[in-house]
Structure formats: C-alpha cells, structure tokens
Amino acid sequence: MIVNSPPFHVSVECYSGYRGEETPVRFRLGERVVEVGEIVDRWLAPDHRYFKVRADRDIYILRNDVNTGDWELVLFETQPGPRES
C-alpha cells in the first residue's frame, strides 16, 4: 500500500559524512522512532534534497529543504509481509 498525502514535518537525525553532506539515520513519526536501514536512492531538486529510505520492509521518501533545514515525509509505502500466527 502506498500512502501519498500532503507532506508533514518530521524530526530527522542525520549522519554528516566526510564531505559534510547530511544523511538521515533515524526519524520520528509522532512518538515512534524509525531507524533507517538503507538509503535506497537520493536526488537533488533546486530547493530540496530527497532520500528514499528503507526501514524494516517499509519505504519512505524524506524531503529536506536546503534553505530552512526542515524535513518532511512525502511518501510512505508499506511492503506486504508474512502474516503473524
């Protein structure tokens, strides 16, 4: 299932690499802390940086405003998995 709704602000913790580029390592959805397991893709737009990340089986797209530093969640996709017994 893909949820594509208006972006909402999230709190993101980043790792700053040797070139000073910030890469998300975890973010908060309300009280839930989501650990980024993998950066699937990243791309640049004129005023934003985008990160497609995997956490568990789910996919998220995070957008960072390069002028303000604000982060938003712009897409969430849950992957089907085995049902629990």
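Since every read-out is calculated from the coordinates, none of them should be taken as a lab result. Bear in mind that the values here come from a model prediction, so they are computed numbers and not experimental data. Because the Cβ atoms are built from the backbone with ideal geometry, glycine has one as well, and the counts that use them run over all protein chains shown.
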Q: Within the set of other residues whose C-beta is less than 11 Å from the C-beta of LYS52, count the net charge using Lys and Arg as +1 and Asp and Glu as -1.
A: 0
Q: Work out, in µm²/s and without decimals, the Stokes-Einstein translational diffusion coefficient of the stretch 2-77 at 25 °C, 0.890 mPa s, Rh from Kirkwood over C-alpha pairs.
A: 196 µm²/s
Q | Around TRP43: net Lys/Arg minus Asp/Glu count, Cβ-Cβ under 12 Å | A | +3
Q.
Can you tally the net charge around TRP71? Count Lys and Arg as +1, Asp and Glu as -1, for every other residue whose Cβ sits under 12 Å from the Cβ of TRP71.
A. -1
Q | the stretch 2-77, relative contact order [Cα under 8 Å, separation at least 6], % | A | 29 percent
Q. What order, most packed first, do the peptides 34-47, 58-71 have when packing is the mean number of other Cβ atoms within 10 Å of each residue?
A. 58-71, 34-47
